[in-house]
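Participant: Supplied in structure tokens, the structure appears directly below.
The values are calculated or read from the model by the stated rules, or taken from the named source; none is laboratory data. Here the structure is a predicted model, which is why all the values come from computation and not from measurement. Here the Cβ is made from the backbone with ideal geometry for all residues, glycine too, and neighbour counts use every protein chain on show. Side chains are part of the model used for accessible areas, which takes the heavy atoms of the whole protein and leaves out ligands, DNA and RNA. Shrake-Rupley method; radii C 1.70, N 1.55, O 1.52, S 1.80 Å.
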Amino acid sequence: AIMKKIITSIIGTGSHAGAWADALTNNNNFVIKNVSSRTKSRGLDFANRYNCKFVLDVSEISKDNEINLIIITSHPHRNILAVDFAKNKKNMILQKPLSLNSRDSELIFLECKKNKLICGAGLNRHYDTFFPIVEKYIEILGKCFHAEYKGYYKGEKTDPAFSLKRTEETGGLFLSGLVHKFDQANKLFGQPVSLIATELNSTNENVVIATNVLIKYENKVSFNLSIRNDYKYNFGEFMTLYCKDGIIEINFYTQTVSAILNPLNDKYSRAILGR
């Protein structure tokens, strides 16, 4: 039997939209019917590249009975479009977090459940290559009881990504890669039970210079994530896991994973520190 093509629409025209479009173009089971963008020039360029139609009004996509799948690759706050798409019986893939607030997440979830739809949310970081290495080290070092993520960057006070206006769109915090690190932490430690987040503004009240998040997990693991953007140099991005018999460090800049057994052994660390 010949498989019926999955007629697909894409919301957004950024790099992730292009990645999805490339994947669909190379898969004979899919056909990209149209793309929607808030910027007409970008939308038309994308449509020409992937031989599909540009649509400005997303309601046109929602009401199109021919479309089976909608992929939303725009800003997370636009994922609320999924509620209307679900009401019109569209299966979906939502790029980035499902939502940046619990209310929208619940609305999307309930509408998809009600209409018995498939709705996947990514980016999913559970397939990052360092996980098997970390799991191997944990078998040797024992259960992890605390972890830290730090990202310290050169100050870019004029970068709009650090502005309060931008952080208001992302739930009131400068998140940057923290969304992905949260996903990685959940892969490592399971179900979070509580989260406390704070931010620190610079003397220029329109700029956020730091965000700190403390997460507690069901298995009594605490995870602290912090990011700052007010340094002279880029110091790096790394995650440290404190285990029963040692520590594990994932360095995202050098792309390495290392482990130390009993790092506070008197014959090793203290002697070096003493010198």
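Participant: For the range 73-134 and the range 22-71, what is the separation of their Cα centres, given in Å?
Facilitator: 19 Å
Participant: So, one more: If I take the Cα coordinates of the range 11-132 and project them onto the principal axes, what are the three extents in Å, biggest first?
Facilitator: Sorted largest first, the three principal extents are 39, 36, 28 Å.
Participant: Per-residue HN-Hα couplings for the range 21-37, Karplus 6.51 cos²θ - 1.76 cosθ + 1.60 at θ = phi - 60°, whole Hz, x for Gly and Pro?
Facilitator: 3J(HN,Hα) across the range 21-37, in whole Hz: 4, 4, 5, 5, 4, 8, 10, 5, 7, 10, 9, 7, 7, 7, 9, 10, 9.
Participant: Counting Lys +1, Arg +1, Asp -1, Glu -1, what net charge surrounds Asn34 among other residues with beta carbon under 15 Å of its beta carbon?
Facilitator: Summing Lys/Arg as +1 and Asp/Glu as -1 gives +4.
Participant: Right, next: Would you mind counting up the charge near Phe252? Only other residues with Cβ under 11 Å from its Cβ, with Lys and Arg at +1 and Asp and Glu at -1.
Facilitator: -1
Participant: Quick one: which of Lys136/Lys216; Lys150/Lys181; Lys143/Lys220; Lys4/Lys33; Lys33/Lys87 span more than 18 angstrom between C-alpha atoms?
Facilitator: Lys136/Lys216; Lys33/Lys87, as the Cα separations exceed 18 Å there.
Participant: Right, next: Given the options Ser59, Phe145, Thr39, identify the residue whose Cα lies farthest towards the positive end of the charge dipole of the range 1-154 (+1 on Cβ of Lys, Arg; -1 on Cβ of Asp, Glu).
Facilitator: Farthest along the dipole direction, towards plus: Ser59.
Participant: What is the sum of charges, Lys and Arg at +1 and Asp and Glu at -1, for the other residues whose Cβ falls under 11 Å from the Cβ of Ile140?
Facilitator: My count for the surroundings of Ile140 gives -1.
Participant: Here's something else I'd like to know. Below 8 Å between Cα atoms, with a sequence gap of 6+, how large is the relative contact order for the range 56-117 in percent?
Facilitator: Normalised by residue count, the contact order of the range 56-117 is 36 percent.
Participant: Now for a different question. Please compute the per residue accessible area over the range 1-155 with all protein chains in place, 1.4 Å probe, rounded to a whole number of Å².
Facilitator: 56 Å²
Participant: Cα gyration tensor of the range 80-122, axes a ≥ b ≥ c as square roots of the eigenvalues: rounded (a/c below 1.5), prolate (a/b > b/c) or oblate?
Facilitator: Note, shape of the range 80-122 comes out oblate.
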